[in-house]
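The values are calculated or read from the model by the stated rules, or taken from the named source; none is laboratory data. Fair warning: this is a prediction, and the values are worked out from it, not measured in the lab. Every residue, glycine as well, gets a Cβ built from its backbone with ideal geometry; the counts of neighbours run over all protein chains shown. Ligands, DNA and RNA are excluded from the accessible area calculation, which covers all protein heavy atoms including side chains. Shrake-Rupley method; radii C 1.70, N 1.55, O 1.52, S 1.80 Å.
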Amino acid sequence: MDRQQIEGRHAVAEALRAGHPLDKLFVLEGCKDGPVDSIVKKAKRGDAVIQYVRKSRLDQLSETGNHQGVIAYMAAYTYASVVEILNKAKEKGEPPFLFLLDGIEDPYNLGAIIRTANQAGVHGVIIRGRRAVGLTAGAARASAGALNYTPVARVTNLARTIEDLKKEGIWFVCADAVGPHMYEVDLKGPIGLVIGSEGEGVTRLVREKCDYTASIPMKGDVDSLNASVAAGILAYEAVRQRM
């Protein structure tokens, strides 16, 4: 695996007790006993993604053959909070400049986006918790050290987070294949650039919460760009406008 795997009730409970962030927790479906319930509650408080699966799936994932109904993956880095990201912008005296990632599944795309975010002066990256990659070792490597400087927050509901951030005066721009070219969209001021998954793009509900869409002019024969490339192009158009 491309992240540290922990198996067994005692090992997972000890990791949580020591304050290690969990990226994902697999739990035997239907298991209701006390120790497992305690693990699930603590994992939820840390915003871990929790999946209830059959024993056959746990057996397949297990490296030790003794999972006891729980297998966890530890995050390579600790997640920040959205408030911490906003505070970083305030400390710099700059309008918030954010990336919001809607379902990025490739850890190397995630790492590359975090690296670009750091170089472009983005104050933080917000990722969706479910059906998306977290801060794995692969993402950390691809960020080339940027994870040490650019905070990443993980949220359960990206659409609701956008609603909350709008109350802070932030406008949201959705990267889309259609709509005004990015050169025609105002990317100055407090903004969040919303980038969709490699295959499906930005989900309908999240797109509806955005204030604008911005497309990247393309002259080739394929219909889309890699998510990290699209993020880089949009970010640097924002940088150009802000200079």
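Database remark: amide H of ILE50 closer than 5 angstrom to the amide H of LEU25 (H placed geometrically; neighbours at sequence offset of 5 or more, or on other chains; Pro and chain starts carry no H).
Residues whose amide H comes within less than 5 Å of that of VAL202, counting only those at least five positions distant or on another chain, are GLY196, SER197 (H built at 1.01 Å from N in the peptide plane). Here the contact order of the chain, divided by its residue count and restricted to Cα pairs under 8 Å and six or more residues apart, works out to 19 percent. Rounded to the nearest whole Hz, the Karplus-based 3J(HN,Hα) values (6.51 cos²θ - 1.76 cosθ + 1.60, θ = phi - 60°) of segment 127-136 follow the sequence 10, 7, x, 8, 6, 8, 6, x, 7, 7, with x at glycine and proline. The HN-Hα couplings worked out from phi for segment 50-62 by the Karplus form 6.51 cos²θ - 1.76 cosθ + 1.60 (θ = phi - 60°) are 10, 10, 9, 10, 6, 4, 4, 5, 5, 4, 5, 6, 5 Hz, whole numbers, x standing for Gly and Pro. Taking Cβ separations below 4.7 Å as the criterion for a possible disulfide partner, the isolated cysteines in the chain are CYS31.
Placing unit charges on C-beta atoms (Lys and Arg positive, Asp and Glu negative, everything else neutral), compute the dipole magnitude of the chain about its Cα centre in debye, rounded to 20.
It works out to roughly 640 debye.
If you sort GLU63, GLU91 by accessible surface, 1.4 Å probe, largest first, the order is GLU91, GLU63. Rounded to the nearest 20, the Cβ-based charge dipole of segment 1-140 about its Cα centre (Lys and Arg +1, Asp and Glu -1) stands at 320 debye. Largest GNM mean-square fluctuation across VAL194, VAL53, VAL122, computed for the chain with C-alpha springs under 10 Å, falls on VAL53. A Förster radius of 25 Å combined with the Cβ-Cβ distance from GLN119 to THR78 puts the calculated FRET efficiency at roughly 0.70.
Result for the chain in a Gaussian network model with C-alpha springs under 10 Å: among MET74, MET182, MET218, the largest mean-square fluctuation is at MET218.
Send over a whole-number figure in Å² for the accessible area per residue of segment 183-224, probe 1.4 Å.
For segment 183-224, the solvent-accessible area averages 61 Å² per residue.
The phi-based Karplus calculation (6.51 cos²θ - 1.76 cosθ + 1.60; θ = phi - 60°) puts the 3J(HN,Hα) values of segment 63-74 at 9, 9, x, 9, 7, 6, x, 9, 9, 10, 10, 7 Hz, whole numbers, x for Gly and Pro. Toward the positive end of the charge dipole of segment 9-114, about the Cα centre and with charges on Cβ (Lys, Arg +1; Asp, Glu -1), which of HIS67, ILE85, PRO96 goes farthest? Selected residue: HIS67. Computed over protein heavy atoms with a 1.4 Å probe, the carbon and sulfur contribution to the accessible area of the chain reaches 49%. Taken along the Cα-to-beta-carbon direction at a fixed 7 Å, the label points for ASN87 and ARG57 span 3.6 nm.
Under a Gaussian network description of the chain, with springs only between Cα atoms under 10 Å, the residue in LYS167, LYS42, LYS219 that fluctuates furthest is LYS219.
Centre-to-centre separation between the Cα atoms of segment 1-80 and those of segment 169-243: 35 Å. In a DSSP loop and with at most 13 other Cβ atoms within 10 Å, the GluC sites (Glu not before Pro) in segment 151-196 are GLU168.
The figure for SER56 is an accessible area of roughly 80 square angstrom, using a 1.4 Å probe on the protein chains alone.
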